[in-house]
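What follows draws every value from the coordinates through simple rules; no lab data is involved. The structure presented is a predicted model; accordingly, all values stated were derived computationally and were not measured. Counting neighbours? That spans all protein chains shown, and the Cβs are built from the backbone with ideal geometry, glycine included.
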Amino acid sequence: MTSTFKPVRKAVFPVAGLGTRLLPATKTMPKEMLTVIDRPLIQYAVDEAREAGIEQLIFVTGRGKSSLVDYFDQSYELEATMRGKGKDLSVLDASRADFGELISVRQQSPLGLGHAVWCARHVVGDEPFAVLLPDDLMAGSPGALRQMVDAYNRVGGNIVCAEEVAADKTASYGIVTPGRSDGTLTEVKGLVEKPKPEVAPSRLGVIGRYILQPEVMQVLDDQEPGAGGEIQLTDAMAKLIGNQPFHAVKVDAVRHDCGDRAGYVRATIALALGRDDLRDVVRDAVGAA
Ligand code: UTP
């Protein structure tokens, strides 16, 4: 579909968090390298971004996170050995970045998601961009970001991915003050970070996919710490409302919050049940447990 809006070509992957909810697994390994079946979480997010037409992957990393960048490099020794043994190398295709496709910047201190996104400002430049949080694994086809880009091509501006969250869970999300809605696309009138259920403006919670206009970086230039003492992306986005179109979109995909133990286990089981080579063995194992 042709669109009058500037295309979304760049995606920011904030991967500098500490992943404390999954300790000790994440003590020396980045949360985003945790494996669901046969690939790390970051691979699912990168595949989703590429499918949505993203040309430049921007990783915001921190100390101990270099394996995320190495993962997308060529593994010379491995490939040479596999080639020598006549093994099929196509299994590695998606894990190789094209020359110049991947850029990484450092967030020297985990000051919050808003701060992580701001660390990518010089690479993002003057273009709309996507943000993907790899610990939200979005299972769906077409992918969640593809569906969001389709919505962006119709309405432009800023778009957050959202879903109805349980009434007692609003304090875990950025929550939307909704305006007009056509069912899947809802005008965003306000955004509140982690409100208690009694003051939440709705149950429409923002999940880990965003399409943002570059002006959010200027807002983040002066953003003060908010909830939890962190520089919150939600607070910066809220300041764009009224100046630019702002919508929440519900996508046709299942979200697995892999930043949390239960969500991570559920993701593994759900994805395995979706695969012909694993379905029977997983059903048997779960049935026997
Ligand atoms: P989370 O809220 O899941 O934080 O961040 P976390 O530190 O990774 O995990 P817990 O809560 O301690 O278990 C959401 C996303 O934002 C990134 C994380 O890497 C994750 O992808 N993030 C968060 C940063 O890159 N920098 C930060 O300062 C904070």
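Taking 1.306 mPa s as the viscosity and 10 °C as the temperature, the Stokes-Einstein diffusion coefficient of the range 1-130 based on its alpha-carbon Kirkwood radius rounds to 99 µm²/s.
Shape summary: the range 170-225 maps onto an equivalent ellipsoid whose semi-axes, from the alpha-carbon gyration tensor, are 21, 16, 10 Å in decreasing order. Restricting the calculation to Cα atoms, the range 38-96 shows an Rg/Rh of 1.01 when the hydrodynamic-style radius is the Kirkwood one. Taking chymotrypsin sites (Phe, Trp or Tyr not before Pro) across the range 1-85, none is in a DSSP loop with at most 11 further Cβ atoms lying within 10 angstrom of its Cβ. Think of it as helices only: each DSSP H run of n ≥ 4 in the chain is worth -39500 (n - 2.57), and spread over all residues that comes to -8000 deg cm²/dmol at 222 nm. Pull up the DSSP beta bridges for the chain and report the antiparallel fraction as a percent, rounded to 5. DSSP beta bridges in the chain are roughly 60 percent antiparallel. Arranged from fewest to most other beta-carbon atoms within 10 Å of their beta carbon, Met82, Met33 become Met82, Met33.
Normalise the Debye intensity by I(0) for the range 139-241, one equal point scatterer per Cα, no solvent, then take log10 at q = 0.17 Å⁻¹ and round to two decimals. The Debye formula, applied to the Cα set alone, gives -0.81. The slack between Gln218 and Ser90, meaning 0.36 nm per residue of separation minus the straight C-alpha distance, is 41.9 nm. Quarter the surface of the alpha carbon convex hull of the range 125-187 and you get the mean projected area, 5.8 square nanometres. With N the number of residues in the range 82-179, Rg(Cα) / (2.2 N^0.38 Å) evaluates to 1.46. Of the three principal axes defined by the Cα atoms of the chain, the extents in descending order read 61, 47, 41 Å. Comparing Ser109, Thr81, Thr61 along the charge dipole axis of the range 58-112, the residue lying farthest to the positive side is Ser109, per the Cβ-charge model. By the count of neighbouring beta-carbon atoms within 10 Å, fewest first, Lys239, Lys10 end up ordered Lys239, Lys10.
In the frame of its principal axes, the range 174-289 has Cα extents of 54, 35, 33 Å, reported largest first. Here the dipole of the chain is about 320 debye; that uses its Cα centre as origin and unit charges on the Cβ of Lys and Arg (positive) and Asp and Glu (negative).
Compared with the dominant principal axis of the Cα atoms in the chain, helix 144-155 is inclined by about 30°.
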